[in-house]
Structures are given as structure tokens and as C-alpha cells.
Amino acid sequence: MATDNRIHFWRRNPKVPGRLKDAPKVNSLNTKSKKPSTFHEFARSTNDAWDIDDEEDDGIFSLKQLSSSPVQSRSMPQTPCLKIIKTPEDTEALPPSLDRQEPISTNPIQDRLDMGSGPANGRVVKSSSEAQLNVNAARNTLQKQQSLPVRPVIPLVARISDQNASGAPPMMVREKTRLDKFKQLLASPNTDLEELRKHSWSGIPREVRPVTWRLLSGYLPANRERRELVLQRKREEYFGFIEQYYHSRTDENHRDTYRQIHIDIPRTNPLIPLFQQPLVQEVFERILFIWAIRHPASGYVQGINDLVTPFFVVFLSEFVEEDVENFEMASLPLDTQRNIEADSFWCMSKLLDGIQDNYTFAQPGIQNKVKALEELVSRIDEDVHLHFLKCEVEYLQFAFRWMNNLLMRELPLRCTIRLWDTYQAESEGFSHFHLYVCSAFLIKWRKEILSMVDFQSLLMLLQNLPTIHWGNEEVGLLLAEAYRLKYMFADAPSHYKR
């Protein structure tokens, strides 16, 4: 009786793993088809439908949720409750998580009907052969999962807090030598900025990245003795702006600006818990509002909010040993919080000074850069360029975001920080070298681009490039290719630097 019920259950539910192979539809009025007489025959006549990432899994889990509902539809078949009792010989064969499966049913009477007669406590003790089949099935499932290639789960920010510039956790001899060289340059009475840029191009060690970024952005002077005085003065100046302007965010002429900032802040890196903390969002609101007030030619434009995050994370990592992405900002002393906020504001301001035409009316800087990218790609890889024309995909439809957000929406934050090491080492990294990085980034996906045959699929690819597992190695190769393109096509585009 129990075997018959189980077989009918699998037949009635095509989405449930274990359905019969090519089971023909049989009219209930016709003669009954031959049924398996043993559990072994049943197991041999079924498919193993347990595949990882199977879309049908949701249906399986929904059955479990429905079984706990006080009201259950009669038309919904009951899931058989197979309760496995471990036998002595199976003790070592079963993994710990599969030792015992005893789901609690809300309908024990129906369970009796489904499972047949059994002990008074509702348990059904399986025979040793059937228990062994369950063990083998569980082992096969685990082996199948283990045989699949597993990519390491890389946190969005963790690499900047627990790894050095090369992306390898241990401090290798070469990395230690590079770190010592950076410390030597930074400790000199007058830091040689050209030498510092040369060493920073291939990545800056985490331990010295905050002070190196302050120097390369022009926020700190090269003279070591003046640095503390400059830091103190600039931090006080920033909070003077807060006292002078921040209260005006509710005024009629600034209300729209503040409202847009307030809307955009929660969208900034929504997958990183750090940026969803109210305290951090308030910091970003102050930074962006003060910058917008002091730059009326452009004001606040969507996308500028992303440009704060690398500076903020790098300056925060100076005080955080653990993973930055899950750090509680409120645990830092107030003075430290204020210093991180002020330094982030000034370094972001220095960056935007070089690309402000990206954010003025009609954003002419971005328009010119997208045209320059189109011209450059047509010379680098004509097949890709012609494929865009064939599919009627305009460069502006995907590259506008690349220029507006400096590829921050295309790369994980850890990769953006590594990318910015090089940008700050280049004399015109954000305004000029970024063009060649975008070109190299586009050509990297050449095979995938050419495989798309219509407008929609091609545009979807370009807006959702799979870089979530990228690290320092991939960024290093991208920068090397961009450097090669920069010198191979140094004369193109001619109108780019106007």
C-alpha cells in the first residue's frame, strides 16, 4: 500500500525529483499498467532530478512550507514523510547532517494512510536494504555537488582589509620589499612624488594606501613637517562649511539638491552593509551637499555619490583591522569619524576638479569621452565596432555609465580601489587614462559581444558584465592592456583632450 501511494505521488507531480522515466499517460478506465513490485525496481525506474541551481527547487521547498499550514487543500498531494533511523552498520557511512531526518507532520492520520501501518509513535523503521539505498542516494548527491567546480566566495570589500596589493594573503618577500620602499619614500623629509607615483602604478600596499592617496591626490604636501598642520587646517575648514551651509539644505533653492542626494545615498553600494548604516549615510549626505553648494556650475549630479566610497573605505581601513564591509562606524571615536569624513570630502573634491565637465550642464565631458571611446574601439577592433553597428547599439547606451561612474558600477569595490591606485599614479588618470581602461575593458569581452546576435541581448550583456569574482590579478591585466593601448594609439582620438 505504501509503495503504491509513493508511486502515484511521483507520477502526479512532474516537478518533483524522482518522477518515472517516460511514464506514459494511462486512462483510469483502462487496464492498470505494470507497477514496480519492490523499492529497488522503483529506484531503478526513476530519474535523479536533484541538480544544483534547478529552478524546480522552489516548488519542492514550497511543499514543505505548505505542510505546516493549518488549512491544507485536498487536491495538494501529501509529501511522503520518509523517516530514516540509523542502523549500527550505517553509523559511519552517514554524514552528520544526514544522521536523522524526522520532519514533524501536522497530519499524522494522513501520514498513516500514506505510509501504511506502523508503530504507535508514527515512526516507520526502514529495512536495512532500503536504509542503505537512502545512504547511497545521499552520498551520490554530495559527491555530485563536490565534483562541480566551486569558485571562492570573495567579499565585496574584504580584500582591501586582509590582503596586500598583489591579492595574496601572505606577505611575500617581494611585497615586503615594496612596502619597505613605500615607507622609506613616505618617511623622507620631502617625498619624491614622481618616485611615489612610479611605485604606486602597480598597486599600493594596504598599510600605506591612506597616506599615499592623500599625497597623490594633492590633499597633503610633500613636505613631511607640514602635513599635520595642513590636515588640521583642512579638517577644520570642512566642518566650518558644515556649520555655514548644511542648515540651508531645507531652503527653497537647495531643497531639490538635498532631496536628490537623500534618495541616491541608500542606492550607493546596496550590497555592502557598511553603506546602509544611518551614520555612514549621514556622512555621505553632508559631503555631497557641501560639495554641491561650493560648485554651483555643476551642482550635484547622480553618479557623484559613487565617487565618495573608495576614499571613505580607504581612510576607514586605516583604523580597521577586520573586514571593512561589516564594520560598525559608530564604534570609532568621534574625532576619528570626523577626520575620515573631512579627508574623504577633500580628496573627492580634488578628483572632481579634474573631471568637472563630466557634470556640468548637458555633461559635455562625458559626451566627448563616449565619442572618443567609439573612435578608439573602431581602430583597435573593427569587428566589435561593426558588430555594434549591425545590432544598432550606440556606445552612449552603455558607455555613459562607464564614464559617469568611472566603471564603479561594473567592478566590485575592491577592484575599483586597486584601479584608483593606478589612476592616481597617472598624471591624468581619471580624465585621460580612463579612456584606455574602458577600451581594454570592452575588448576583453570580445568573444561574448560577438556571440550576441540582437540589440537586446547585446545591451543586456554590456550592462551586466560578470566581474563579481574579479580581484587584483584581473585588474592588473586590464591596466596592462590599457597601458599598451595608450602607447599604440597615443594620437587617437585627436579631439579627446580638447
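The values are calculated or read from the model by the stated rules, or taken from the named source; none is laboratory data. This one's a predicted model, so the numbers in the text were calculated from it and none came from an experiment. Every residue, glycine among them, receives a Cβ derived from its backbone with ideal geometry; neighbour counts consider all protein chains shown. Please note that ligands, DNA and RNA were not included when accessible areas were found on the heavy atoms of the full protein model with its side chains. Shrake-Rupley method; radii C 1.70, N 1.55, O 1.52, S 1.80 Å.
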Open item on the list: For the pairs Lys198/Lys486; Lys198/Lys447; Lys176/Lys198; Lys390/Lys447, flag any whose C-alpha to C-alpha distance is greater than 24 Å.
Closed with: Lys198/Lys447
- [ ] Compare His199, His385, His262 by solvent-accessible area with a 1.4 Å probe and give them largest first, with all protein chains kept in place.
- [x] His262, His199, His385
Task: Apportionment of accessible area to carbon and sulfur, the range 364-490, percent (1.4 Å) - done: 52
Open item on the list: Quick check: at a probe of 1.4 Å, how many percent of the accessible area of the range 173-354 sits on carbon and sulfur atoms?
Closed with: 49
Task: Accessible heavy-atom area order of Ser331, Ser200, highest first, probe of 1.4 Å - done: Ser331, Ser200
- [ ] Please find the FRET efficiency linking Glu236 to Glu474, where r is the Cβ-Cβ separation and R0 is fixed at 56 Å, and quote it to the nearest 0.05.
- [x] 0.85
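Pop the C-beta distance of Gln244 and Ser457 into the FRET formula with R0 = 56 Å and round what comes out to the nearest 0.05.
Efficiency, rounded to the nearest 0.05: 0.60.
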Task: Label-point gap, in nm, between Glu392 and Leu229 - each point 7 angstrom along Cα→Cβ - done: 6.5
TODO: Send over a whole-number figure in Å² for the accessible area per residue of the range 173-354, probe 1.4 Å.
DONE: 47
Open item on the list: Run the numbers for Asn326 and Leu271: contour at 0.36 nm per residue of separation, minus the present Cα-Cα distance, in nm.
Closed with: 18.7 nm
Open item on the list: Rounded to two decimals, what is the ratio between the C-alpha radius of gyration of the range 360-498 and 2.2 N^0.38 Å?
Closed with: 0.99
Task: Exposure of Lys350 as accessible area (Å², to 10), given a probe of 1.4 Å and all protein chains - done: 90
- [ ] Provide, for q = 0.14, 0.18, 0.25, 0.28 Å⁻¹, the log10 of I(q)/I(0) from a solvent-free Debye sum over equal Cα point scatterers in the range 326-386.
- [x] -0.66, -0.76, -0.97, -1.04
Task: Full-extension gain in nm, Ala187 to Glu252, via 0.36 nm per residue minus C-alpha separation - done: 18.5 nm
Open item on the list: If you count only protein heavy atoms with a 1.4 Å probe, what accessible area per residue comes out for the range 364-490, rounded to a whole Å²?
Closed with: 41
Open item on the list: Let me check I've understood the local charge: for His199, count other residues with C-beta under 15 angstrom from its C-beta, Lys and Arg +1, Asp and Glu -1. What total comes out?
Closed with: +2
